[in-house]
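Q: This is the structure I have questions about; it appears just below.
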Amino acid sequence: MDTRIIIILCLTAAYFVVMSCIGYGVRKHAKSSEGFTSGGRSFPPFLIAALMLSEFIGSSVSIGTAQKGFESGISAAWNLVALALGFLLLALILARKYRQTGLNTISGILAQNYGQGVRFAASILTICALGIVSIALYASGGAVLAAVLGIDKTYAILLVGVVTVFYVSLGGMRSVVYTNFIHALIKYVGVVLALAFALEASGGIGNLQARLPAHMFDFTGVGWGQIMAWMIGGVGSIFATQYVIQALVSTPDEKTSKRACYYVSSLMIPFGLMAATIGMCSAYLYPGSKSIEAFPALIAHMPTYSASVVVIGLAGALFGGISANVMASSTLLLKDFYDPFFNKAKDDRKSVIFVKLAIVVLGFLPLVLALYADKILMIAFLGKALRATLAVIVLMSFYAPRFGSPRGALAGIILSVVTTIAWFVAGNPHGIDSSYFALFVPLLTMGLAQLLKPRKPEPRRVLSRSTD
C-alpha cells in the first residue's frame, strides 16, 4: 500500500480512537434511556451549535455542493444560504415556542394540537426523512474513502457504515454533542485547506474566470426555481428536524438556544461559498472526472498531511451527521412506539436495550440504497424537503392552532409524502422541484379542512323585557 495512504489511514484511525474514547468516557450518562437520548444535562451554546451543524455541513452537503459547483458554478452555494436563513428564522420564530412545550420530540409537540394520528405520522415521516439524509451521507463518505484509498466504492460505503454504527452506539447523545464540536472544527479547517490548495493549483480566481464559462460565476446560475426550492427544503428541514429540537430544549435558557442558532447561521454562508468554489476548481483541474468525484479527486491530489485533515474532517462530519440522525430516529421510535405499546411498565433497562438495537438497525438500513446514490445533493435535499411538510404544520400549531383540523393535518402529511417522493422519483418533471409539493400540499389540505369544518351555531340572543 502507498505510504501516503498509510499515513492518512493511521491519522484518521488515531483520531477516531480518541473520539471513541470520549464517547466511552461519557457512558455514565447513557445508563438510562433519558440520559442516552438527551445527554444528561444542559449544554453551552457552542456545543449545541456544533451539534446542529452536524448534518448541515456534513459530508453529503460538502461533497454535494462541490458536485453542484462542478456542474453549475458558484450558485451552488445557495443551498447553504438557505440553511443560514433557516437557522436565523428558527431563532427568531420557533426557539422560544419549542422550549415552552417542555417536549423534545416533534411528534409529541404536534400531538398536543392534532392528536395521536398526527403524532405517529409525523414520527414515521421524520424517521424516513432522516434515513434519506443518511443515504446521502453514506454515499458521500464512501466516495471520499474510495478516492483516497483507491478501493471500490461499494466496499468503501460498507466500511463507513460498520464504523459509524459502532461509533454512535458507544455513548449516546452526550457523546454525540461533545464529539460533534471537534468534528465541526476539524471539518471547517479541512475545507479551508482544500480551498487554499484548489485555488493555488488553479492559478487563482482570475485564471478560473478566464478558463471557465461565464455562467459558472453567475450567482443565480442554477435558476430562481432551484434557489426557491432550496429555500423551502432548507428552512423547512431546520424548523422540523428532530435532533435540532432535542438540541434546543437541552439548553439552559431561551437566550442560549437563540445564540446557538445565530452561531450556526453565521457559519453556513462562507462554508457554502468555499465548497462551491472547490467544485469549480475541480471542474478546471479535472474536467474528465464525474461531478460526484469533484471533491474526492481534489483530496487525492493534495499533500499528505493536509489531505489527512480534510479526510478526518469529512469522516468526522459524516459520523456526526449519521450519529445525530440515528439518535433522533431512535428517540422517536422509543417514545412514540416502543414504550407506549411494548413497555407500558416503563422498564428503563428494556428502553435502553431497545434504543441501542434501534441505532444498529437504523444505522445499517440506509447502506443498501447508498450503494446506488449518485446525485448526493438532490437526495440530501429530498430528506430536507420532506421535513418542510412538518414545518408547515408546526407553524400552524403554534401560530394558528384553530386553523384546519386533525384529519386535515394527517391527510396533509400523507399526501405530501406520496406526492413529494413520486415527483422526485419521476425526475422533477417540467423543472418543478419536489420541494414545492412538500410546502403546498399540507397548506391546501389544511385550507380545505378549514373550509369543510362545521360552523358552531351562534348563541340565540335573549331579549330583555324592557327591550320587548
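No value in this document is a laboratory result; all are computed from the given coordinates. Note that this is a predicted model, so its numbers are computed, not measured. FYI the Cβ positions are ideal-geometry reconstructions off the backbone, even for glycines, and counts take in every protein chain you see.
Q: Can you give the charge dipole size of the chain about its Cα centre, rounded to the nearest 20 debye, using +1 on the beta carbon of Lys and Arg and -1 on the beta carbon of Asp and Glu? The partial results should precede the final answer.
A: Details: 35 positive and 18 negative charges, 368 e Å.
Rounded to the nearest 20 debye, it is 1760 debye.
Q: Show me the trypsin sites (Lys or Arg not before Pro) within segment 223-307 that DSSP assigns to loop and that have at most 16 other Cβ atoms within 10 Å of their Cβ. Numbers along the way, then the final one.
A: On the way: sites: Lys255, Lys258, Arg259, Lys290; in loops: Lys290.
Qualifying residues, ordered by number: Lys290.
Q: Provide the gained length on full extension for the span Met228 to Glu200, in nm with one decimal, where the gain is 0.36 nm per separating residue minus the Cα-Cα distance. Spell out each step's value before the answer.
A: On the way: separation 28, 0.36 × 28 = 10.08 nm, distance 3.33 nm.
Extra length from Met228 to Glu200 when fully extended: 6.7 nm.
Q: Identify which of the listed values of Cα Rg over 2.2 N^0.38 Å was calculated from the structure shown: [x] 1.34; [y] 1.02; [z] 0.96.
A: Recomputing Cα Rg over 2.2 N^0.38 Å here gives the entry labelled [y].
Q: Within 10 Å of each residue's Cβ, count the other Cβ atoms and sort Leu199, Leu357 from fewest upward.
A: Details: Leu199 17, Leu357 14.
Sorted ascending by nearby Cβ count, the order is Leu357, Leu199.
Q: Under the rule a/c < 1.5 gives rounded, and otherwise a/b versus b/c splits prolate from oblate, where does segment 92-194 land using the Cα gyration tensor? Don't jump to the answer; show the numbers that get you there.
A: Working: a/c = 2.58, a/b = 1.81, b/c = 1.43.
It comes out prolate by the Cα gyration axes.
Q: Quick check: pseudo-label points 7 Å beyond the Cα along Cα→Cβ at Arg407 and Lys344, how many nm apart are they?
A: 2.9
Q: When ranked by the protection proxy of mean other Cβ atoms within 10 Å per residue, highest first, what sequence do the peptides 112-121, 406-415 form? Don't skip to the end; give the middle numbers.
A: On the way: 112-121: 18.8, 406-415: 21.8.
Packing proxy ranking, top to bottom: 406-415, 112-121.
Q: Packing-wise, with mean Cβ within 10 Å as the measure, how do 12-19, 437-444 rank, highest first? Display every interim value, and only then the final one.
A: Details: 12-19: 15.9, 437-444: 22.0.
The most tightly packed comes first, giving 437-444, 12-19.
Q: If each DSSP helix of 4+ residues adds -39,500 (n - 2.57) and the sum is divided by the residues in the chain, what number results at 222 nm, nearest 500 deg cm²/dmol? Mind dumping the intermediate values first?
A: Values: 21 runs with 355 residues, N = 468.
Calculated from helices alone, the mean residue ellipticity at 222 nm is -25500 deg cm²/dmol.
Q: So which lysines can Lys453 reach, going by Cα to Cα under 30 Å and dropping same-chain residues fewer than 8 places off?
A: Partners within reach: Lys97.
Q: Estimate the FRET efficiency between Ile5 and Leu357 by the formula 1/(1 + (r/R0)^6), using the beta-carbon distance for r and 51 Å for R0, to the nearest 0.05. Display every interim value, and only then the final one.
A: Working: r = 35 Å, r/R0 = 0.69.
Efficiency at R0 = 51 Å is approximately 0.90.
Q: Right, here's the next one. Say each of Val425 and Tyr286 gets a label point 7 Å from the Cα, pointing the same way as Cα to Cβ; how far apart are those two points in nm?
A: Using points 7 Å along Cα→Cβ, the separation is 3.3 nm.
Q: Go through 339-349, 262-272, 395-405 and give me the packing order, highest mean Cβ count within 10 Å leading.
A: Values: 339-349: 12.0, 262-272: 20.1, 395-405: 16.3.
Result, highest mean Cβ count within 10 Å first: 262-272, 395-405, 339-349.
Q: So, one more: How far, in nm, would the chain grow between Leu444 and Thr154 when pulled straight, counting 0.36 nm per residue and subtracting the alpha carbon separation? Could you put the intermediate results ahead of the total?
A: Details: separation 290, 0.36 × 290 = 104.40 nm, distance 4.21 nm.
Gain on stretching Leu444 to Thr154: 100.2 nm.
Q: Classify segment 87-146 from the C-alpha gyration tensor, please: rounded if a/c falls under 1.5, else prolate or oblate depending on whether a/b exceeds b/c.
A: Numbers: a/c = 4.05, a/b = 1.70, b/c = 2.38.
Oblate, since a/c reaches 1.5 and b/c is not below a/b.
Q: Hey, fewest Cβ within 10 Å first, where do Trp423, Trp224 land in order?
A: Working: Trp423 21, Trp224 10.
Ranked by crowding around the Cβ, least crowded first: Trp224, Trp423.
Q: Shifting gears a bit: Rounded, prolate or oblate for segment 132-269? Axes are the square roots of the Cα gyration tensor eigenvalues, ordered a ≥ b ≥ c, and the cut-off for rounded is a/c under 1.5.
A: On the way: a/c = 1.82, a/b = 1.24, b/c = 1.47.
Cα axes put segment 132-269 in the oblate bin.
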